[in-house]
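Working notes, beginning with the structure itself.
Nothing in this text is a laboratory measurement; each read-out follows from the coordinates by a stated rule. In this text the structure is predicted, and so the values were computed from the model without any measurement. So basically every Cβ, Gly included, is an ideal-geometry build from the backbone, and we count neighbours across all protein chains shown.
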Amino acid sequence: TKFASLGSMLLTVGAYTAFFGLPYAVGMTSLILIHESGHALVMKKLGIPFSPMVFIPFMGAAVAMKQRPKDAYEEALVAFGGPVLGSAGALGFAGAAHAMDSPLLFALADFGFMINLFNMIPLGMMDGGRICGAISPYAGLV
């Protein structure tokens, strides 16, 4: 349900707050939300039903497809959606960081770019692995 999404998001903010402080924790969770929203928006555009977003502290978040895409092209589009919107969100944080000369926003922009780049590694169920798998079942590292 939508309340489970909100609850898991708040749990994630709480877990990150214990290590990084509240402002950074909220920013990290926001960037993960933006990334996962990219996947959800592409699935909505393609008519692929999906479950509510679930946050998992120190692992990220997930939006599960309720049915498979029609073809490899749609699979790749869904996989690209997260890194594209996530990188745009990180770029927005970077722009705000420059405008306000904010070390916090610079750090969050770095985090946003890093998680989106890391997620493009062609490995398993990461976005890069799903994109490579859409190209060829033999293209991913694992």
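In degrees between 0 and 90, to the nearest 10, how far off the longest principal axis of the chain does helix 2-20 point, with axes built from Cα atoms? Relative to the chain, helix 2-20 is tipped by roughly 50 degrees.
Positive contributions from Lys and Arg (+1) and negative ones from Asp and Glu (-1), summed over other residues with Cβ under 15 Å from the Cβ of G47, come out at +2. To the nearest 10 degrees, how steeply does helix 103-118 sit against the main Cα axis of the chain, on a 0 to 90 scale? With rounding to tens, the tilt is 20 degrees.
About its Cα centre, the dipole of the chain is roughly 440 debye, where the only charges are +1 on Lys and Arg Cβ and -1 on Asp and Glu Cβ. Principal-axis analysis of the Cα atoms of the chain puts helix 22-46 at an angle of about 20° to the longest axis.
Highest mean first, what order results for 31-43, 10-22, 111-123 on Cβ atoms within 10 Å? Could you put the intermediate results ahead of the total?
Numbers: 31-43: 22.2, 10-22: 14.6, 111-123: 17.5.
Listed from highest to lowest mean packing, they are 31-43, 111-123, 10-22.
Answer with one residue from S136, F106, G47: the one whose Cα lies farthest towards the positive end of the charge dipole of the range 22-142, charges on Cβ with Lys, Arg +1 and Asp, Glu -1. Of the options given, the answer is G47. Find, among the chymotrypsin sites (Phe, Trp or Tyr not before Pro) in the range 37-84, those assigned to loop by DSSP (not H, G, I, E, B) with at most 16 other beta-carbon atoms within 10 angstrom. Passing sites in the range 37-84 are F58.
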